[in-house]
1. Answer with yes or no whether residue B:248 is open to solvent by less than 30 Å² (accessible area, probe 1.4 Å) and over 21 Å from the mean Cα position of the chain (by Cα).
2. Regarding the stretch B:42-54, can at least one residue be identified that is in a strand (DSSP E or B) and more than 20 Å from residue B:429 (Cβ to Cβ)?
3. Residues that are open to solvent by 50 Å² or more (accessible area, probe 1.4 Å) and basic (Lys, Arg): list the helices (runs of 4 or more DSSP H) wholly contained in the stretch B:401-459 that include at least 3 such residues.
4. What single numbered condition from (1) more than 30 Å from residue A:107 (Cβ to Cβ); (2) out of contact with any Leu (no Cβ under 9 Å at 6 or more places or on another chain); (3) not in a helix (DSSP H, G or I) fails to hold for residue A:18?
5. Could you tell me which numbered condition residue B:279 fails, if it satisfies all but one of (1) touching a residue at least 24 places away in the same chain (Cβ under 8 Å); (2) out of contact with any Cys (no Cβ under 7 Å at 6 or more places or on another chain); (3) more than 18 Å from residue B:348 (Cβ to Cβ)?
6. Quick check on residue B:306: is it within 23 Å of the chain's Cα centre (by Cα), more than 14 Å from chain A (Cβ to nearest Cβ) and among the polar types (S, T, N, Q)?
7. Of a type outside the set (Lys, Arg) and in the same structural domain as residue A:41 (by the TED database): does that describe residue A:157?
8. Given the options A:33, A:47, A:22, A:72, name the one that is buried (at least 17 other Cβ atoms within 10 Å of the Cβ) and of a type in the set (Asp, Glu).
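The values are calculated or read from the model by the stated rules, or taken from the named source; none is laboratory data. Since the structure is predicted, the reported quantities are computational estimates derived from the model, not experimental observations. Here the Cβ is made from the backbone with ideal geometry for all residues, glycine too, and neighbour counts use every protein chain on show. All accessible areas refer to the heavy atoms of the entire protein, side chains included, with ligands and DNA or RNA removed. Shrake-Rupley method; radii C 1.70, N 1.55, O 1.52, S 1.80 Å.
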Amino acid sequence: MLRNKLICLEHPNPNGVNVTDEKQFRNLVLWLEDQKIRKYKIEERGELRKIANPSWSTVFDKYKNDLNCPKELTSKIDQLNWIVAYAVKLEYLDNVDEYRGMTSEKLKELQESKTSAPSVKSVNPFDNLDFNSPQFVAGVRKLAEKFSIAHHPDHLQVLAAVSRIIKDNLNKEALKQPILEGKPFPIFEGQGMNQKDEDVEQAARILRLLQVQSVREIQTIINETIVETQSLTSDTPRTDTRLGQVGR
Amino acid sequence: MVIRTYDQELEYIERLTDYSFRIKKGFQPNMKVEGVFYVNKHLEPLMFEELRNSCRSDGIGGFLPGMKQIANVAALDGIVGKSVGLPDIHSGYGFAIGNMAAFDMNNPLSIVSPGGVGFDINCGVRLLRTNLMEKDVKPVQEQLAQSLFDHIPVGVGSKGIIPMNARDLEEALEMGMDWSLREGYVWAEDKEHCEEYGRMLNADPSKVSLRAKKRGLPQLGTLGAGNHYAEIQVVDEIYDKWAASKMGIEETGQVCIMIHSGSRGFGHQVATDALVEMEKAMKRDKIETNDRQLACARIQSPEGQNYLKAMAAAANFAWVNRSSMTFLTRQAFAKQFNTTPDDLDMHVIYDVSHNIAKIENHVIDGKEMKLLVHRKGSTRAFPPHHPLIPVDYQLTGQPVLVGGTMGTCSYILTGTEKALSETFGSTCHGAGRALSRAKSRRNIDYMDILEQMKTKDIAIRVASPKLVMEEAPESYKNVTDVVDTCHKAGISKNCVKLRPIAVIKG
């Protein structure tokens, strides 16, 4: 039984422990405190650590008391058993959710799957979605309709567009900004893209605007970086009018 | 040299369009390509008059006429396409001012010539906008002019008020506008609205003589003399509302500030040093030119490389200079209106260089080529979508800033596709001198000029009033003719006209 508990606790050598050997007994108690129970702070474990100390048993008595080990247990083996059980309890409480509902069958299943293929259990609910199910496609189409996004045969492209609109226009910062009133950008003014087909020309102009916008974003980031750097390097701009001299 | 009569000379000149002429090979010896120049019917007689006068004097004495200078440039080694004369062309050292030419970087014989850049390396124009209107500024026009005059030292031998030591200068030469940014004199946004982002990366201060550095150090942040000026201007007319709004110019009456300056004595010394060095290199490499003033060196030779690196340092000097004056201008305005430059929206609309040589890629006869483009008294005018212009002007084309003469108007133009295909993406730079400085001094009285400014209600502050007649409007071609010619020829597009209400100059 003790062996099983030690396996649970991931003791490095559960089969080789001989608790009747005083030295091994003391080592095991120390290991439990160091790795699992942590009743004392690290610096307070000094006495317990002195395994060769002849008065170690008094230290052990105090330790039992501090753990509230029942007084009825008189044999050292029983006491050790209780301490190991206590460690298992602590371990369980640390991860109640994971261990609750764990049965031997389930464990067996788990162990089998572990040996066959390491599966990553994800917590992201989106991973379980079927992005191509008719239900999902219909949902995307509905969403697109709400945002007046043009039809595209690939619903995932549409979803990307929706995401972009939400990210750019519906974030906290953007919502704080008042909605811009005024004239739309005069997209047909200025030099065109020299396309004969009117539709192609319009598309080219739109693409050009998007390109300009993204370059503008980069330039703004560059400027922000310069300003940040300036705050480190700028030597409060000085002038000294005494140096000035108007020429002839 | 063959001496021909005026009529014989005319056989080499052929009208191309209403606004341009071709100069055929043979007009000057050894022409490798043809020349071309742009004029309208007002500027045309001036060009031909020059040629006629030089024929009369049998080529002895006086300046070489612009057409001859264009043709001499067309005879330089490695030139591609054509030698281009812009409408504001007038005679200069080696290259005429208003002459641009490009040389093939992959031809080992190609040359670089300091005369093709000019003595005032990276002379250029910067335009700041404000959100002020004429009615806000008019009542304090005199105070503002005085304040600018107090902040920006002007004139020959002026010294700047931004403290700098020799080490600062070395760093500024290497970093250009990045130095001004690092020290906190300018805004991050200024950089993106500047040709080359305000820094030539190949600058090497170690290629610059100690003498140039000594001349340059105290002059940073000064305007200089000659045709340089700082003007408070108001928007007089908007021709292209859409492009103007992209530059933050919304309506007539809006106030802008134009700064026209260069690399001061620093650039002058760099050019002088290079000319001396190149004269030796020409003998060694057996380079022959039609004009002694066209001193040059193979681009790949040590002299050529040294010049390009020193020129880049001088270009950086000019950008730091214009940036320093931007800072001082912002200070002056903020003080006058008791607010901050931010609140006055004093952004740089653009900063152009009109005396510079740059490596650019152009398509010649359907083939992309790497060229060294010399622009002397010529402004880059790249069309919409060109990768080298700022993102804000991708749809309008590069703003081209054309400063007028004292008291006349200035223009903002935009670059065009036609400029890229016809003139290596170049257009005019200013009014262009019509009378020589000496002739102006003889013919015009400076008191008349100052009186003239007064009647136009322009506040004026000058360091040396006796030199203002050199810069009198009468000494120059009409800037409106110049920009109109470029507009009609399609090498730039008129966008905004500005008129001055206050001028400070050397």
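1. yes
2. No.
3. In the stretch B:401-459, B:437-443 are the helices (runs of 4 or more DSSP H) which contain 3 or more residues that are open to solvent by 50 Å² or more (accessible area, probe 1.4 Å) and basic (Lys, Arg).
4. (1)
5. (1)
6. yes
7. For residue A:157, the condition - of a type outside the set (Lys, Arg) and in the same structural domain as residue A:41 (by the TED database) - is not met.
8. Just one listed residue meets the conditions, A:33.
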